[in-house]
Each structure stands twice: as C-alpha cells, then as structure tokens.
C-alpha cells in the first residue's frame, strides 16, 4: 500500500527543519539535531524518577516510570533507539509513559553509553546492568522481580534481543516477553527492504551503514549480542512480539528474526504495519497506526505478565 498520509505529514514536518543526515555530521551534532525532531508526548503517570545506578564502567542513568495503583508492578526494561549513536531518556519519554500506563508496569528506561565513544559490547553491558539492577532491587521501585519484560525500538530492539540472549547464557533472570520494535537484528544491507527503502523513508541505508560502523569493530561482527541473527540457537528464548514497518530498511531482518524464533519453538507474534516508516511507533500523537502499535505492545505486555510469575532468586 502507499505511504500513510499521516506519515507523509510527519515526514514533511521533519523535512522542513532542514536537518542534515546523521552520517554527514559529527556524532555530537547528530545528537543535537535529533533533539530538534518533534516527539509525541506520553500520558501522565503516577511517578517519574531519574536515578543513576551502578554500571560496568561508572553509573548508568535510568528513568523510572510508575503507573497508578498499589503494586508491586511488573517491570519493563526499555532501551531507546537511535542507531546506538543518538537518543536518550528524553527521546524515549513519550513511549515509556505510554507503555507504563498501557502495560500497567514499572518502566525502567536506560540511558546506555553511546557509540562511537563506547562501542559494542559497552552499550549492551550497560543495559544488562540496568536490567539486572531493576530485578535485584525491585522492592525499591515497587516492582515484581518475577515479572520482567525487555523491549526497545530500532537499536533498542537490538539491545532487547541481546538481553534475552544474555539472560539465557548467564542464568537468568526469566523474561516474560521481548518486545522488539523494528529491531536491528542483522548486518545485511542486501535485503529486499534495504533495496526498496534505501532512501526517502526517514531512515536510509547509508545512515544504517554509518551507525553499524560506529557501533562495532570487525571482531564483533559475529557476536550475537551485537548481531542477534548470528545466534546459533534461539530455542528457549522468551516469547516475542516483533513489530515492523512496510517502508523500513529494517523490515526484512526483523521479520527474519521472528521467523527464526518461531522455527526454534518460541512463541512469537510478528506484526507488519503497512504504510508505515521507521520511527512510527514514536509518532502516536500524529499517526493512528503508531497508537495502534503501542496498544498492541501494551496488550502483549499485560498478557505476558499475567502468565508469568516464576520466582527469580535475586543476588
């Protein structure tokens, strides 16, 4: 189907800002420019708290969102997108609020270190530290350590998949759902979606190649924590919801990862939103299908949390 008219309107609004492509400026400039893009606000929630938690190389900033109610609530660790180069707690604020309210869970949004200053595996290890901190300190945040989900969009979806792989390798914690929103799952620029959507739809092929170059050195190209499709065996991975967009270079790799999860016996739902572009999940204020996708994610979180509850022994 053609591009959704609501998406076209957002693209025109962004184009009017006249921002240069991220790969044509320094990382610092790209981050500053990313902050100028319009963002959909999220709903009010009962509590929002910024904290700094221990990480592998200094503190990791997190923002903790608590829904209305008494708790203890399930926990969602959320990792923002931005090609591992841009993005922060502010760029993830609207979606974090929406998933907190819709999923009826505490959301721990993670401000992991960014490339190229910190390359793989540093950002993933920051996310791991924050995720395990949330479980091990669940009482502090009115959370339930036995009900954990991980999620993220784009590079954040990559990190969420990495957290699921790490949990399997490192003995837990148990994860009720991995919420992968147009995830960076592979490093293959020859897919049909990369060819068809190489430019003209917000995220471009050349920008993704730039992001990968900033994030990994050659020795990490086969590391599944950086490139989830490199994992040899996905059996036993957490249930997954994989959301993709029709006009997104990353569409095919997200759907291929969902297919591999299914073939490994993992309960997996893959939903492609036609007429959408990369980033639509964060456009709920202006794009109906953005709201629909967040609603789908929220329902998947509620259902996964309702089915989970196996105890996890905190450190």
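Points worth noting:
- Whether the stretch 1-133 is rounded, prolate or oblate, judged on the alpha carbon gyration tensor where a/c under 1.5 counts as rounded: oblate
- Three-way shape call for the stretch 90-194 based on the alpha-carbon gyration tensor, with the a/c threshold at 1.5: prolate
- Peptides ranked, highest mean first, by Cβ atoms within 10 Å: ranges 247-260, 9-22, 192-205: 247-260, 192-205, 9-22
- Gap separating the Cα centres of the stretch 219-291 and the stretch 61-81, nearest whole Å: 22 Å
- For q = 0.14 Å⁻¹, Debye-computed log10 I/I(0) when each Cα of the stretch 138-244 counts as one equal scatterer: -0.61
- Between helix 288-307 and the chain: long-axis angle, C-alpha atoms, 0 to 90°, nearest 10: 20 degrees
- Cα-based helix-to-principal-axis angle, 93-103 vs the chain, degrees rounded to 10: 50 degrees
- Order by protection proxy (mean Cβ within 10 Å, highest first), peptides 113-123, 180-190: 180-190, 113-123
- The stretch 153-192: proportion of alpha-carbon pairs further apart than 16 angstrom, %: 41 percent
- Annotation: extensible slack from residue 271 through residue 9 equals 92.0 nm (criterion: 0.36 nm per residue apart, minus Cα-Cα distance).
- Among beta bridges that DSSP assigns inside the stretch 5-307, antiparallel share in %, nearest 5: 30 percent
- On Cα atoms only, tilt of 155-169 relative to the major axis of the chain in degrees: 40 degrees
- FRET E, pair residue 288, residue 218, Förster distance 45 Å, beta-carbon r, rounded to 0.05: 0.55
- Taking N as its residue count, the alpha carbon Rg of the stretch 22-87 over 2.2 N^0.38 Å: 1.43
- Over the chain: Kirkwood hydrodynamic radius from C-alpha pairwise inverse distances, Å: 19.1 Å
Quick note: the coordinates plus some simple rules give every number you see, no bench work behind them. This structure is a prediction, so every number in the text was calculated from the model and none was measured. In this analysis, Cβ positions are derived from the backbone assuming ideal geometry, glycine residues included, and neighbour counts consider all displayed protein chains.
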